[in-house]
Amino acid sequence: MLNDFTLERANNFIKNNNINKTFYPKLNFAAPVGWINDPNGVIMYKNELHLFYQHYPYDTIHGKMHWGHAKSKDGLNWEHLDIALAPDQPYDKDGVFSGSAIEKDGKMYLMYTGHVLNEKGEIREYQNIAISDDGVDFEKYEDNPVIDENDIPEGSSITDFRDPKIFEKDDQYYMVIGSKTNKNKGQVLLYESDNLLEWEYVSTILPHNNFLGEMVECPDLLFFKNKDVFLLSAMNYTDKETDKFYPHISWIIEGNIDWTTFTFETESIRKMDGGFDYYAPQTALVSSNPNEYVTIAWQQAWNRTMPSHEENHQWTGQMTIPRILKQENGVITQKAYSGITSEIVYYQIEDELNLSENYKTELNGEYLEFEMNFSDQIELLLANSKDENIRIKFDGLNQIIVFNRKDTIAIRNHDTEELYDEITYPISVSDKSWKIKIFIDTSSVQLFVNDYYTLSSTFYSEKNLDLLSFSGIKGSKLNNMKYGYLNIQDMD
Ligand code: FRU
């Protein structure tokens, strides 16, 4: 036997294990047990949203990766399904790494990277396929890998070549793959196929630029009315202006593909999210003409301490809630997925709240929305009786949002011990008011500003943060405040 990482062993292990749910999310997806990272194979299949994910069930660390699997009708309440893929073949024996899904003739095809250490201890990454008739049981294709090192263009790395994202365009299948040059410069490669089984290299669709760092992970390509959009994650990026180093960062890149040269011309680049915890977003097309994509990201960060691991809770890692990306009035908007917003029950509404004095209330739900004037400065404090709290400053005057979690469990860099307790997110909104929507979960906040800027961050507190207060500079007001809770079912 190649190794003992079989599907059967993983499924039995999961069934027979319990976790400590102190920090466990209610809104966000998390694994039944063990470690998760990237969302994989996000797809709307037979009217249900399927989510696969990088998963190591046996421990709360990144081990030999499997693909976990869940599905949902509303993007909020998830049903755990059996593990879809285990690292049980010579071409994926050291990890079934990230990839994507597509439907063809009613079948679901998964395309993923097999991560392998060869006899010499060198890394090789192969692209493989698994097929299912029902979207639950998958069989790996007998002729895997469908793309190996011989299909990688000269000058590109044969060790780092991963995370295929499949899409269909004008009756042709394509796939973008994360890559780097032999000189460690991130780039994205494009492959094409008529039948999903045989693939050919087409182009370096996104050649290197500084934003792509030393390696591109999890590239994804979206098509809107008059723009094409890359979502991708870059490793080891250094901001040229500030010299600040980011080991991992996710970008949204707008531009256009030239389909004669198969290259993407970049028009603008911005961070996909301004929080501490947002990586490897993946999308699925959920409606066409105009195109709308649902997107889910890993709401956690590499190389940092994770309290549920440190405190031995037997699970670690969570996703964002699904969002919808679409083009509206020329811009790409980001909103919570409609399946989720339709589950919000509003229990309190205030037309206007004057913040000349601090305002305090108990939070009885997971959702909050309000508007503020862009010349106001407002601070939201979410606390408990144990002196734990998070603070979010909405600073219209300086056009920033500052998220602070220093009074919750410390999160540090594994190597440098750097503390990640406060993050500042520049907001350059020309609108006169900021419309803020916030989803507050057991251990994360996800906020949306004018359906464009988003900030996602985890925080880990020993006790729930359910005391809410607002303060503001003189004259600050909140308008159209709505408090809501979400209809969450217990899926256990
Ligand atoms: C991104 C990533 C991918 C890889 C996977 C491994 O977070 O490093 O590039 O496929 O995670 O788990």
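No lab work stands behind these numbers, since they all come straight from the coordinates. Nothing here was measured: the structure is a model prediction, and the numbers come from that model. Here the Cβ is made from the backbone with ideal geometry for all residues, glycine too, and neighbour counts use every protein chain on show.
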Estimated 222 nm signal from helices in the chain, with DSSP H stretches of n ≥ 4 weighted -39500 (n - 2.57), rounded to 500: -500 deg cm²/dmol
What trypsin sites (Lys or Arg not before Pro) in the range 418-466 are in a loop by DSSP, with at most 12 other Cβ atoms within 10 Å of the Cβ? Lys432, Lys463
Taking the Cβ of each residue in Ile488, Ile409 as the centre, tally the other Cβ atoms inside 10 Å and list the residues starting with the fewest. Ile488, Ile409
To the nearest 0.05, what FRET efficiency results for Asn329 and Thr424 with a Förster distance of 22 Å applied to their C-beta separation? 0.20
Using only Cα atoms, what is the ratio of the radius of gyration of the range 93-169 to 2.2 N^0.38 Å? 1.16
Computed on alpha carbon atoms, what radius of gyration and Dmax characterise the range 374-421, expressed in Å? 13.4, 40
Is the C-alpha gyration tensor of the range 275-359 telling us rounded, prolate or oblate? Criteria: a/c under 1.5 is rounded; beyond that, a/b larger than b/c is prolate, otherwise oblate. oblate
If R₀ is 25 angstrom, what is the calculated FRET efficiency for the pair Arg9 and Asn312, using the beta carbon separation as r and rounding to 0.05? 0.70
Taking R0 as 35 Å, what FRET efficiency do you get between Ile131 and Asn464 from their Cβ-Cβ distance, rounded to the nearest 0.05? 0.20
Cα gyration tensor shape for the range 310-442, rounded if a/c is under 1.5, else prolate or oblate: rounded
Taking the C-alpha atoms of the range 178-223, how large are the radius of gyration and the largest Cα-Cα span, Dmax, in Å? 11.7, 35
Longest to shortest principal axis, alpha-carbon extents of the chain, angstrom: 68, 53, 45
Partners for Lys406 among aspartates and glutamates (Cα-Cα distance below 12 Å; same-chain residues under 8 apart left out): Asp387, Glu388, Asp421, Glu422
Considering only DSSP states other than H, G, I, E and B, which GluC sites (Glu not before Pro) in the range 332-379 qualify as loop sites with at most 10 other Cβ atoms within 10 Å? Glu357
For Leu381, Leu7, what's the fewest-to-most ordering of other Cβ within 10 Å of each Cβ? Leu7, Leu381
Assign one of three labels to the range 334-392, namely rounded, prolate or oblate, based on the Cα gyration tensor with a ≥ b ≥ c the square roots of its eigenvalues; rounded applies when a/c is under 1.5, prolate when it is not and a/b is larger than b/c, and oblate otherwise. oblate
Sort 105-112, 58-65 by packing, meaning the average of other beta carbons within 10 Å per residue, with the highest value first. 105-112, 58-65
Dimensions of the range 375-492 along principal axes (Cα, Å, largest first)? 40, 40, 27
Round to a whole angstrom and tell me the spacing of the C-alpha centers of the range 260-286 and the range 343-410. 29
Need the full-extension length gain, Lys474 to Lys386, defined as separation in residues times 0.36 nm minus the C-alpha distance. One decimal, nm. 28.8 nm
Taking every alpha carbon pair in the range 161-255 and sorting the distances into 5 angstrom bins from 0 up to the bin holding the longest one, the percent per bin comes out as 3, 14, 23, 24, 17, 11, 5, 2, 1, 0
Under-18-angstrom lysine pairs by C-alpha in the range 71-167, whenever the two are 8 or more apart or on separate chains: 8
Return P(r) of the range 240-297 (all Cα-Cα pairs; 10 Å bins starting at 0; whole %; ordered from short to long distances). 17, 37, 36, 10, 0
Relative exposure of Met44, Met306, judged by other C-beta atoms within 10 Å (fewest first): Met44, Met306
Extension reserve of the Asn209-Tyr346 stretch, reckoned as 0.36 nm per residue once the Cα distance is removed: 44.7 nm
Relative to the present Cα-Cα distance, how much length would full extension add between Asn236 and Leu353 at 0.36 nm per residue of separation? 37.7 nm
Could you tell me, in Å, what Rg and Dmax come out for the Cα atoms of the range 66-137? 14.0, 47
Report the paramagnetic label zone for Thr159: residues of the range 175-189 whose backbone N is under 12 Å from a point 7 Å from Cα along the Cα-to-Cβ axis. 182-184
